[in-house]
1. Could you tell me how many of the residues in region A:21-54 are more than 8 Å from chain B (Cβ to nearest Cβ) and either among the basic types (Lys, Arg) or under 20 Å from A:Gly1 (Cβ atoms) (or both)?
2. If the requirement is being more than 27 Å from B:Phe90 (Cα to Cα) and small (Gly, Ala, Ser), which of these qualifies: A:Ser79, A:Ser3, A:Ser32?
3. From the list A:Thr20, A:Thr51, A:Thr24, which one is among the β-branched types (Val, Ile, Thr), within 13 Å of the chain's Cα centre (by Cα) and crowded, with 16+ Cβ neighbours inside 10 Å?
4. Quick one: how many residues across region B:1-43 are hydrophobic (A, V, I, L, M, F, W, C), within 22 Å of B:Thr111 (Cα to Cα) and more than 10 Å from chain A (Cβ to nearest Cβ)?
5. I need the full set of residues from region B:70-102 which are within 14 Å of chain A (Cβ to nearest Cβ) and either more than 23 Å from A:Gln38 (Cβ to Cβ) or out of contact with any strand residue (DSSP E or B) (no Cβ under 6 Å at 6 or more places or on another chain) (or both), in order please.
6. I'm checking my understanding of the structure. Among residues of region A:60-113 that are touching a residue at least 40 places away in the same chain (Cβ under 8 Å) and of a type in the set (Asp, Glu), which one is surrounded by the most Cβ atoms within 10 Å (Cβ to Cβ)?
7. Hey, can you tell me all the residues within region B:4-24 that are more than 15 Å from the chain's Cα centre (by Cα), surrounded by 11 or more Cβ atoms within 10 Å (Cβ to Cβ) and in a loop (DSSP other than H, G, I, E, B)?
8. Out of all the residues in region A:13-51, which are outside any strand (DSSP E or B) and in contact (Cβ under 8 Å) with a residue 24 or more places away in the chain?
Amino acid sequence: GNSVTQMEGPVTLSEEAFLTINCTYTATGYPSLFWYVQYPGEGLQLLLKATKADDKGSNKGFEATYRKETTSFHLEKGSVQVSDSAVYFCALIGGGATNKLIFGTGTLLAVQP
Amino acid sequence: DSGVTQTPKHLITATGQRVTLRCSPRSGDLSVYWYQQSLDQGLQFLIQYYNGEERAKGNILERFSAQQFPDLHSELNLSSLELGDSALYFCASSVRQGGSPLHFGNGTRLTVT
């Protein structure tokens, strides 16, 4: 079945450091890929998405490129801020009639001033 | 604000009891999803409804049931509650039943004592 694997956290960085959170997936066909972010005490917010190979999703300085050859969708940001501290979830929708979103386990990012 | 409303925000109840969680989707969204988030299981898909009909089922226990009403709001019923049911329950909605991103509510935190 479809699945998502992302790097375990926590990831601790200093402000203005470069961020990479790795995500790989297993899916049949052509899934759509997403990154969601969960700030403390809140629900999940869609951060960015990509729906086909080589698409780059971007939002708020975060980027991720849909790499079909390596089945990856790594999240990057050039310069993190304290306000980026949150849990980041990689997810996919496998397509078809159902929109079931399958999540990775989440990666906690802690940015220190 | 995602536009998805969940009530109540917090619920504390005893083992063996029954509770109902309510979700109002974003205006115009026809599909509703329920997820359970716990420390040991991560984010688990429970069930999806589209325009009143069940579309997909995930790891939903037989003690749990859900429905989507004609006005598109949804309720998740949890019965014979156990300590292990303590978790954050999220509702999400999307425009279509396939291929569109999900928008999440802020969740209902259920504590079973």
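1. Of the residues in that region, 11 qualify.
2. Within the list A:Ser79, A:Ser3, A:Ser32, the selection yields A:Ser79.
3. A:Thr24
4. Residues flagged as hydrophobic (A, V, I, L, M, F, W, C), within 22 Å of B:Thr111 (Cα to Cα) and more than 10 Å from chain A (Cβ to nearest Cβ) within region B:1-43 amount to 8.
5. Listed by number, the residues that qualify are B:Val95, B:Arg96, B:Gln97, B:Gly98, B:Gly99.
6. Taking the candidates together, the pick is A:Asp84.
7. B:Thr15, B:Gln17
8. A:Glu15, A:Glu16, A:Ala17, A:Phe18, A:Asn22, A:Ala27, A:Thr28, A:Gly29, A:Tyr30, A:Pro31, A:Tyr39, A:Pro40 - these are the residues of region A:13-51 that are outside any strand (DSSP E or B) and in contact (Cβ under 8 Å) with a residue 24 or more places away in the chain.
The values are calculated or read from the model by the stated rules, or taken from the named source; none is laboratory data. Every value quoted in this text rests on a predicted model; they were computed, and no experiment measured them. Positions of Cβ are backbone-derived with ideal geometry, glycine not excepted, and every protein chain shown enters the neighbour counts.
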